[in-house]
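For reference, the structure is listed below as structure tokens.
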Amino acid sequence: MSTYTAWTARDSVGRIAVPRESDDKYSRGVLGVITGSTMYPGAAVIGVEAALRTGVGMVRYLGPERAAGLVLQRRPEAVTSEGRVQAWLMGSGMDHVERESLAQMVEALAQPVPVVLDGGALDLYDRAAGPVIVTPHFRELARLLDANLADIAAGPAVWARRAADELGVTVLLKGHTTYVAGPGISLSTASAPSWLATAGAGDALAGILGSLVATHSARIQDDPAELARLAASAAVLHGLAAERASGGGPLTILDLAAAVPATIAALLRD
Ligand SMILES: NC(=O)C1=CN([C@@H]2O[C@H](COP(=O)(O)OP(=O)(O)OC[C@H]3O[C@@H](n4cnc5c(N)ncnc54)[C@H](O)[C@@H]3O)[C@@H](O)[C@H]2O)[C@@H](O)CC1
Ligand SMILES: Nc1ncnc2c1ncn2[C@@H]1O[C@H](COP(=O)(O)OP(=O)(O)O)[C@@H](O)[C@H]1O
């Protein structure tokens, strides 16, 4: 099936976990994050910022020391101790060859919870005990499948579907239009302004998605197609927050992250 259904803002509303009176930080969902590197610590800061802005009970950040220092400086509410999580986010801001956090990632992947694999962790998809979503851009997908970059750029919809079938995971392929392919489900969204084509945008998307996945962990275990719906919702939120931050002009990624709460509030209101 490579016919894609357009996923809308209205569809995304149902994927926002609104806390109830009985909730506490643990029942809302804890996201474990292993991102960033000594070379790219900023990606860790952006992902944690975006995850917290999307609404999650807690973020446990377990990446490299330099990145952890910067994450805590920006977001003291992040916790750097090990413990239970409802989902993992890994790989943003990591080189796919030199990975200082590989041992931590492999250990985390043994837990049967959903995992978002981004950037330098994409190729770990077959080590995961739980449901997996990978979030490549065109060049990363070409590397992952050992395919031709020009072919993917010419037919991203077909390649996202092919990747999902070949790898046996849910795939979110980034670009002006975002294609999400999962088990028996193909969704697309194009809600983002082209101002979003800026470094760090993918790290923010990964954080938003990590947050949605951690807050719907049980639902994903019950229905594997739910991971695709959450991914498409993350892309919609990301695009709408970018629009809000941009206001028709350039945007920075921390501005996008700062716009996420109001974007969610507007979605819930409308
Ligand atoms: N703030 C941060 O810490 C950020 C870290 N990032 C990290 O940066 C690393 C590289 O990510 P990419 O998405 O760029 O990886 P890609 O696989 O897309 O690119 C690999 C390399 O191709 C070269 N390249 C391709 N097109 C180019 C062009 N038009 N002009 C100049 N050079 C070009 C660059 O040298 C780049 O390093 C990753 O580890 C990623 O996670 C990025 O996510 C950007 C933000
Ligand atoms: N021209 C564009 N229009 C709209 N969105 C775009 C455009 N180009 C990229 N994006 C979005 O920006 C993000 C870029 O992610 P990525 O390539 O991983 O960047 P980075 O590694 O710098 O964070 C993705 O969410 C992608 O969908």
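The values are calculated or read from the model by the stated rules, or taken from the named source; none is laboratory data. Nothing here was measured: the structure is a model prediction, and the numbers come from that model. Neighbour counts run over all protein chains shown; Cβ positions are idealised from the backbone, glycine included.
Filter region 247-265 down to the residues that are touching a residue at least 12 places away in the same chain (Cβ under 8 Å), in a helix (DSSP H, G or I) and surrounded by 15 or more Cβ atoms within 10 Å (Cβ to Cβ) and list them by number. The answer is Ile253, Leu254, Leu256, Ala257, Ala258, Ala259, Val260, Thr263, Ile264.
Is it fair to say Leu268 is over 27 Å from Pro131 (Cα atoms) and either in a helix (DSSP H, G or I) or of a type in the set (S, T, N, Q) (or both)? The answer is yes for Leu268.
Going by the conditions given, is Ser211 closer than 16 Å to Thr263 by Cα, modelled with pLDDT under 95 and more than 13 Å from ligand 1 (Cβ to nearest atom)? Break it down into steps so the answer makes sense when it comes.
Numbers: closer than 16 Å to Thr263 by Cα: yes; modelled with pLDDT under 95: no; more than 13 Å from ligand 1 (Cβ to nearest atom): yes.
No; evaluated as a whole, the condition is false for this residue.
Taking the listed residues Asp118, Asp126, the one that is loosely packed, with under 14 Cβ neighbours inside 10 Å, in contact with a strand residue (DSSP E or B) (Cβ under 9 Å, 6 or more places away or on another chain) and not aromatic (Phe, Trp, Tyr) is Asp126, with no other qualifying.
Selection of first residues in region 88-105 that are near ligand 1 (Cβ under 8 Å from one of its atoms) and of second residues that are of a type outside the set (Phe, Trp, Tyr) and in a loop (DSSP other than H, G, I, E, B), restricted to Cβ pairs under 6 Å at least 6 apart or on distinct chains, gives the following pairs, ordered by first then second residue: Gly91/Asp118; Ser92/Thr35; Ser92/Asp118; Gly93/Thr35; Gly93/Gly36; Gly93/Ser37; Met94/Ser37.
If you go through region 79-96 and keep only what is more than 16 Å from ligand 2 (Cβ to nearest atom), over 15 Å from Ala206 (Cβ atoms) and not polar (S, T, N, Q), you end up with Val79, Glu82, Gly83, Arg84, Val85.
Return yes when Ala50 is closer than 21 Å to Asp118 by Cβ and either away from ligand 1 (no atom under 16 Å from the Cβ) or in contact with a Pro (Cβ under 7 Å, 6 or more places away or on another chain) (or both) and no when it is not. It would help to see each step written out before you state the result.
Details: closer than 21 Å to Asp118 by Cβ: yes; either away from ligand 1 (no atom under 16 Å from the Cβ) or in contact with a Pro (Cβ under 7 Å, 6 or more places away or on another chain) (or both): no.
It is false that Ala50 is closer than 21 Å to Asp118 by Cβ and either away from ligand 1 (no atom under 16 Å from the Cβ) or in contact with a Pro (Cβ under 7 Å, 6 or more places away or on another chain) (or both).
Only a single criterion out of (1) among the charged types (D, E, K, R); (2) surrounded by fewer than 16 Cβ atoms within 10 Å (Cβ to Cβ); (3) at pLDDT 95 or above; (4) farther than 16 Å from Leu230 by Cβ is not satisfied by Arg10, namely (4). Among the residues of region 52-94, which ones are within 20 Å of the chain's Cα centre (by Cα), part of a loop (DSSP other than H, G, I, E, B) and either of a type in the set (Gly, Ala, Ser) or at pLDDT below 95 (or both)? Scanning region 52-94 gives Gly55, Gly57, Gly63, Ala78, Gly91, Ser92, Gly93. Got at least one residue in region 220-227 being at pLDDT 95 or above and in contact with a strand residue (DSSP E or B) (Cβ under 6 Å, 6 or more places away or on another chain)? Scanning region 220-227, I find at least one residue that is at pLDDT 95 or above and in contact with a strand residue (DSSP E or B) (Cβ under 6 Å, 6 or more places away or on another chain), so the answer is yes. Taking (1) in contact with a helix residue (DSSP H, G or I) (Cβ under 9 Å, 6 or more places away or on another chain); (2) under 25 Å from Ala218 (Cα atoms); (3) of a type in the set (A, V, I, L, M); (4) surrounded by fewer than 24 Cβ atoms within 10 Å (Cβ to Cβ) in turn, Val97 satisfies each apart from (2). In region 138-162, the residues that are over 20 Å from Ala190 (Cβ atoms) and touching a residue at least 12 places away in the same chain (Cβ under 8 Å) form Cβ pairs under 9 Å with partners that are more than 11 Å from ligand 1 (Cβ to nearest atom) and among the basic types (Lys, Arg), at six or more places apart or across chains, as follows: Leu145/Arg162; Ala147/Arg162.
Of all positions in region 146-156, at least one carries a residue that is under 28 Å from Arg10 (Cα atoms), at pLDDT 95 or above, out of contact with any Pro (no Cβ under 6 Å at 6 or more places or on another chain) and within 16 Å of ligand 2 (Cβ to nearest atom).
Of the conditions (1) among the hydrophobic types (A, V, I, L, M, F, W, C); (2) within 16 Å of ligand 2 (Cβ to nearest atom); (3) in a loop (DSSP other than H, G, I, E, B), Ala121 clears all except one; give me its number. Among (1) among the hydrophobic types (A, V, I, L, M, F, W, C); (2) within 16 Å of ligand 2 (Cβ to nearest atom); (3) in a loop (DSSP other than H, G, I, E, B), the lone unmet condition for Ala121 is (3).
Scanning region 174-190 for residues that are more than 16 Å from the chain's Cα centre (by Cα) and not in a loop (DSSP other than H, G, I, E, B), which turns out farthest from ligand 2 (Cβ to nearest atom)? The qualifying residue farthest from ligand 2 (Cβ to nearest atom) is Ile185.
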